[in-house]
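Nothing in this text is a laboratory measurement; each read-out follows from the coordinates by a stated rule. Keep in mind that this is a model prediction, so the values were computed, not measured. Don't worry about glycine lacking a Cβ; one is built from the backbone with ideal geometry, like all the others, and counts go over all protein chains shown.
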Amino acid sequence: MSGMRAGSDAIVIGGGLHGTCTAIHLALKGLRPLVIEKNTVGRHASSVNAGGVRQLRRHPAEIPLSVAAMDRWFKLGELLGTYAPMCEFVGNVGQIAVAETGDDMRPLQARVAELHRLGWTHEELIDRSELRRLAPALSEHCIGGLICRRDGFATPYLTMQAFRLRAVELGVRFQEQTRVVALEHGARWNVKTSNGTFESDVLVNCGGAWGWQAAEMVGEILPRGYFAPSMMVTTRMPHFLDPVVIGTGRKLSFKQTDTGTVVIGGGIMGIPHLDQDIADTVAERLRVSAQSCAILFPIMRRAIIVRTWAGLEARMPDEIPVIGPSQTAPNMWHAFGFSGHGFQLSPIVGSLLADLIVEGKSPLPIEAFRPGRFNEGPLRIDPTAA
Amino acid sequence: MSDERHELAIIGAGPAGMAAAITAAELGLDTVLLDEQGVPGGQIYRNIEALDRDGSIGSLGEDYRRGVDLARELRASRASYRPWSTVWQAAPDGRIGVTSAQGARMVRAQRILLATGAQERPVPVPGWTRRGVMTVGAAQTLLKASQLVPDVPVVLAGSGPLIYLVAIQLARAGCTIASILISTPGSRIAGALTELPRALLAGRALVKGIGWINEVRRLGIPTTSGVAHLRIEGAEQAEAVSYDADRKRQRVAAGLVLLHEGIIPNVQLSLAARCRHVWDESQVCWRPDTDQWGATSQERMAVVGDGAGIHGAQAAEPLGRLAALDAAFRLGRIDRAERDRRAAAERAELVRHDRIRPLLDRLFQPMPGMLLPDDPDTIVCRCEDVTLGALRDAVKLGGNDPNRAKLLTRCGMGPCQGRMCGPTVAAVIAHETGSSMQEVGTYRIRVPVRPVPLTALAELVGDDAGLPSAEATL
C-alpha cells in the first residue's frame, strides 16, 4: 500500500490537530487535501486540552514519537512558518511528576530504571532540594519527583489556529459544519456528507472521539471508547510557578500560564454527550482536583475558579492511539484514539502518516499502534446498515 | 453524603422570583428560593425592607411599596428562603451549585425557575473603562444599598427611562447633575408615538415616565437629545464627556459619568444550561426561547421575569406566578384545568402591563453607535483589555463567532466570563462579517457562571450519585 502520487486528492475526516497536521504534510508532499469537519476546526479536544508538551511518563511505545515531536516543538518555525509564535510554546521549563511519599517515589524509580534499560535518558529523578529549587511554591511535604527538563507547554487553541492558518496557506481546504454519513470505495473514495459527496484517492480518519464511527462505515470495528477529561482555570495570580507539575498519587496536572492564570487538569472526568458533540463538567468530581491543588500548593488556597470545561476525546483500552492503514478498506488510514495525551504528538503524527501514505513507510516505529491489535479476526458488519 | 433535594428551586428573589415562590409554596410545592443578596428584593426592590423601616422609601417613589408587600408575603410563606446564596450552576438535570457563608454545596431540584432578572447593557464608548465611569444602575444600587451620593458633578448618558429616574433620585439626594445626554434622536421619539394609543392603555406606567421627564425639567437639569460619538475624556480619571449634538462637537465637565443604554436579560445561567436562545430584534438582546409558562427547551427549566425578555417589575409578578402554576402542574400538585383556570387572571394582568412595552422598546432602543464602537482603541472586553482593533484582527483570522474570537483574543475569559463583552463581541462580529446576530450566536458559557473560591470547591457538599459514569463506552 504505497505510492500515492502528487496531485492526488486526499480527504481528512476531522479538523483537529492531527487531521490538520496530516493535511499540512500531505500538501507539502504535493497532494490536494480537503479536511471535513463536522463542527468547526479544533472544536473539541485539540483546543481544550491541558496544553502539556510532555515527554514525561509516556507509554514506551510512544517514546520514539514523543522525542521526535519534542524536537519539532523547538523548531516549530520549520513546520508553521510565521504562525509558529502563535502557539505560545514554552519549552525547557520541565514537567515534574511530584512524589509526596515513599510510595509515590518507588514507581518513579522503577520507571527510570526501565527507561535506562531501553536506552532513554530524558527522564531523571530529583530529590527534595532540587524539587524546591525548581518549584518553591510546592508544599514542603513533597519529597522529590521525576522530571523531563525539556518539557513545557503551549496554548492549545492558539496552536490549533496556527496549524489551521498554516494549512490554509499551503492550500488545504476546510469544509466545516459537514458531517460524514457514509464512506464508499469504488474507483476512488466517495465521502457522503451532510453537505454533499466529496471524492478522493486517499482517506485519512482523524476523527478523535468519533473516529470509531468512520471506521465502522467501512466495516472496521475499533474500540468505541471515549471520555471527557475536565479542566478548570483561575483568575490571574502573581507568578509562582515555572514547570508543569503532575501528580503521582493524584489525578492532577497543574501549570501557571504567562498571563498568571492557573490551568488545572489531570483526568477528572466530565460527562460526555457524544451524540450532541458536547461535554459537561461535574463540580462534585472537580472537588478532588481542588483538594489536590490546595494540598500541593498552599498559595492555591487563595485561588478563585472562574471557568471549567471538558473536551471529548477518544480513549483506547490500552491508552495508546490507533495509527495505521485500515484493515478493511484500501487507501484509508487511521490516526485517532490518543486517549488524552495527543497534544504533544501533534507535530509528528501527521508527518509519519504522510510518509506512510506517500512513501509507503513510516520513519519511526508505529507497529504498536496498528488498528488490528484489538481483534485478531476483525468483525465485519454491513457498512450500509444503519 | 446525599444532596439536599427540593421539588422546586427558584433562583433570584426579585419580583418574579418572590411571586413564584409565594405561589409555589401556597400550592404545596417544597420550594427553595436562592438569592445572592442578604435581603429579598432583587435589583428593583433592593434593600426594600430597610428603606421601608427607616422611611426613606418615599424618595424612591410610591411604586416601591409593592416590593415591601412581596417581601412580607415571601417571609410569611412556607418557601425556604436562602439569602446570601450565590448560584454558579443550574444544570439541565436539576443540579444547582450554590455558595453561601456555609461554603459550596450542590442542591438538587425536580424543577428550576431562573428568575435572575436583567443586567445593564454594556456601553462600550471610548473611555468607558476609565475610573469615574460606572453604569446608571450601579449608581442607583449604591444609593439604595448604602445611601452613597456622589459629591462631584455627574453626567448621565445614553437612553432609557432609568436615566431620568436615577437623575431625579440623585438630585433629590443632593447631588449635582451637570447634564443628561440622551442618545435617542428626536425623530425616533416622533416615530415611537405611533405606539402611543396602545401604550395609553398602560396608563400608570406611561404617566410615570412622562412624570419623570417633567420632573427632570422642573429640577433644571440640562438635557440634550440626539447625542452621538460620545467619548469620555481624562488622563486616568474621567474629567469630561465630549459628544456631537446640534451638528457640532460639545464638551461638558464631569467627575462621574453614568452610562446606560437600557437593560438586557441576564442569560449567563440559561446559556450555561444550554437552553435555546433567540436574538430579540425589538429589544436588541439575547433571551431564552420560552413558552407562555416560561418553560425553556430544557425540560426541567423555566425562566421568568426580565431574564426571559424585558417586561419590567410589574409584569414579572404574573410571569413568576404562571411558572409556579406550571411547576405545580408538572409536579402533579394541580391538574391542567386548574392551572389554566388560575392562569387566566395572571394573563389579563400581564396584558395590562405589557401594553406600554412596544412604545418603550421603540423609544429607548439603543442607538447602534453606542453599542458598536468604531474607534479601534476602544476596549471591548474590560476583564482582558481586548480592544476593538484586536477583535477585528481576530475576525479576519477566522474568529467569526464569539467562541473562536474568545480563543484568539482571550475576550470573555476574565472574571465576568463574557457577561460584559458578550453582546458587543457578537455585534462587532456580525458587523464585520455581514451576518445576523442569530447566525453569529453567543459565547458558550461555562460553569461556574460566578467565580468560586478554590477552597469552597475543595469542600463542596454533594456527590455525583446517579450521574453517568466517568467513562462512557457504547
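Points to keep in mind about this one:
- Using a simple spin-label model with pseudo-atoms 7 Å out from Cα toward Cβ, A:ASP277 and B:ASN214 lie 5.7 nm apart.
- Fraction of antiparallel bridges per DSSP, the protein assembly as shown only, in percent to nearest 5: 60
- Under a 5 Å amide H cut-off, with hydrogens placed 1.01 Å from N, A:GLY266 pairs with A:SER253 among residues at least 5 apart or on other chains.
- Rg/Rh, computed from the Cα trace of chain A with Rh as the Kirkwood radius, has the value 0.98.
- Sequence-separation-based contact order of chain A, relative, with Cα cut under 8 Å and 6+ spacing, percent: 24
- DSSP loop trypsin sites (Lys or Arg not before Pro) with at most 14 other Cβ within 10 Å: longest gap in chain B: B:277-474
- Under 15 Å from the B:GLU439 label point (7 Å along Cα→beta-carbon), backbone N, segment A:14-28: none
- Segment A:105-228: C-alpha pair distances exceeding 19 Å, %: 70
- Rg over Rh, two decimals, segment B:299-362 (C-alpha only, Kirkwood Rh): 1.03
- Measuring against 31 Å, Cα to Cα, the residue pairs A:LYS29/A:LYS192; A:LYS38/B:LYS396; B:LYS208/B:LYS248; A:LYS251/A:LYS361; A:LYS75/A:LYS255 contain B:LYS208/B:LYS248; A:LYS251/A:LYS361 as the ones spanning a longer distance.
- Relative contact order (%) - segment B:372-440, alpha-carbon pairs under 8 angstrom, separation at least six: 30
- Normalised by the number of residues in chain B, the average gap of Cα pairs under 8 Å and 6 or more apart makes the relative contact order 19 percent.
- For chain B, the antiparallel share of DSSP beta bridges with both residues in that region comes to about 45%.
- Under the simplified labelling scheme, the B:SER282-B:ASP151 pair shows an inter-label distance of 4.7 nm, with each label point 7 Å from Cα along Cα→Cβ.
- In loop segments of segment B:37-134 as defined by DSSP, there are no GluC sites (Glu not before Pro) with at most 14 further C-beta atoms inside 10 Å of their C-beta.
- A Förster radius of 35 Å, combined with the Cβ-Cβ distance separating B:ASP340 from B:SER242, puts the computed FRET efficiency at roughly 0.05.
- Cα long-axis angle, helix A:346-358 against chain A (0 to 90 degrees, to the nearest 10): 30
- For B:SER225, residues with placed amide H under 5 Å, excluding near neighbours: B:ILE182
- Entry note: the protein assembly as shown has Rg to Rh equal to 1.01, where both radii use alpha-carbon atoms and Rh is the Kirkwood radius.
- Max-minus-min Cα coordinates of segment A:208-357 on each principal axis give 57, 31, 26 Å, with the largest extent listed first.
- Charge tally in the Cβ shell below 12 Å around B:ARG392, where Lys, Arg are +1 and Asp, Glu are -1, B:ARG392 excluded: -4
- Residue-wise HN-Hα coupling along segment A:140-148, computed from phi with Karplus coefficients 6.51, -1.76, 1.60 (Hz; x: Gly, Pro): 5, 6, 6, 9, x, x, 10, 10, 10
- Close amide H contacts of B:TRP88 (hydrogens built in the peptide plane, cut-off under 5 Å, sequence separation of 5 or more or a different chain): B:GLY97, B:VAL98, B:THR99.
- Global form of segment B:3-129, assessed from the alpha-carbon gyration tensor, a/c cut-off 1.5: oblate
- Taking the DSSP bridge list for chain A and keeping only pairs wholly inside it, about 70 percent are antiparallel.
- Listed as lacking a disulfide-compatible partner in chain B: B:CYS175, B:CYS275, B:CYS285, B:CYS383, B:CYS416, by the criterion of no other cysteine Cβ under 4.7 Å.
- Net length available on complete extension from A:HIS59 to A:GLU176 is 38.8 nm, with 0.36 nm assigned per residue and the Cα-Cα distance removed.
- Charge tally for B:ARG108 (other residues, Cβ to Cβ under 9 Å; Lys, Arg +1; Asp, Glu -1): -1.
- Helix-only mean residue ellipticity at 222 nm for chain A, each DSSP H run of n ≥ 4 adding -39500 (n - 2.57), per residue, nearest 500: -8000 deg cm²/dmol
- Rg/Rg_globular for segment B:372-440, with Rg_globular taken as 2.2 N^0.38 Å and Rg from C-alpha atoms: 0.94
- Helix-only CD estimate at 222 nm, as mean residue ellipticity for chain B, using -39500 (n - 2.57) per DSSP H run (n ≥ 4): -10500 deg cm²/dmol
- For segment A:185-192, the Karplus equation 6.51 cos²θ - 1.76 cosθ + 1.60, evaluated at θ = phi - 60°, returns couplings of 10, x, 5, 9, 7, 10, 9, 8 Hz by residue, with Gly and Pro reported as x.
- In sequence order, calculated HN-Hα J values of segment A:170-176 (Karplus, 6.51, -1.76, 1.60; Hz; x Gly/Pro): 8, x, 5, 9, 10, 10, 8
- Two-site label geometry, B:SER100 and A:HIS239: point separation in nm, points 7 Å out along Cα→Cβ: 4.3
- Note on segment A:17-166: dipole from Cβ charges, positive end direction compared against A:ALA45, A:MET86, A:ILE24; the farthest Cα belongs to A:ILE24.
- Where only C-alpha atoms are counted, convex hull volume of segment B:207-359 per residue in Å³: 163
- Hull volume per residue, based on the alpha-carbon atoms of segment A:1-153 and their convex hull, is 156 Å³.
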